[in-house]
Amino acid sequence: RNLDGPWLLYDNETDPYQIDNLIGQPAYTDLQQRMENLLQAMMAERGDELAPAQVFLDRYGHEVDRVGAVPYRN
C-alpha cells in the first residue's frame with residue numbers, strides 16, 4: 001500500500017511467480033477491504049501514518065541529495 005492506495009495483491013500459493021496482480025478484481029474486493037482495515041487498525045495502534053515522504057524528512061530532519069535520496073554516511 002502507498003498513498004495512492006493498494007497496488008499489489010497476489011495469491012502466492014496458486015501464483016508463486018506473482019504474475020497475476022489481483023488488485024481491483026471484484027472477486028477480491030472483500031479481502032482487500034479486510035486487509036486495509038487490518039492495516040489501518042495496526043497503524044493506529046502504533047501511532048503510525050501514511051504520509052508523503054516530505055512529512056517524515058521534515059519531522060526527523062533528514063537531508064536529501066539532489067535526487068531526493070537520503071545520503072548514506074559511513
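The values are calculated or read from the model by the stated rules, or taken from the named source; none is laboratory data. Computed from a prediction, not measured in an experiment: that's the story for all the values here. Methodologically, a virtual Cβ is constructed for each residue, glycine included, from the backbone with ideal geometry; neighbour enumeration extends over all protein chains shown.
Evaluate region 44-57: report whether one residue or more is assigned to a helix (DSSP H, G or I), small (Gly, Ala, Ser) and under 14 Å from the mean Cα position of the chain (by Cα).
Scanning region 44-57, I find at least one residue that is assigned to a helix (DSSP H, G or I), small (Gly, Ala, Ser) and under 14 Å from the mean Cα position of the chain (by Cα), so the answer is yes.
Just checking, how many residues over region 25-67 are in contact with a helix residue (DSSP H, G or I) (Cβ under 8 Å, 6 or more places away or on another chain) and at positive phi?
Final tally of qualifying residues: 0.
I need the full set of residues from region 1-46 which are under 30 Å from Gly68 (Cβ atoms), exposed (fewer than 10 other Cβ atoms within 10 Å of the Cβ) and either hydrophobic (A, V, I, L, M, F, W, C) or at pLDDT below 95 (or both), in order please.
Asn2, Leu3, Asp4 - these are the residues of region 1-46 that are under 30 Å from Gly68 (Cβ atoms), exposed (fewer than 10 other Cβ atoms within 10 Å of the Cβ) and either hydrophobic (A, V, I, L, M, F, W, C) or at pLDDT below 95 (or both).
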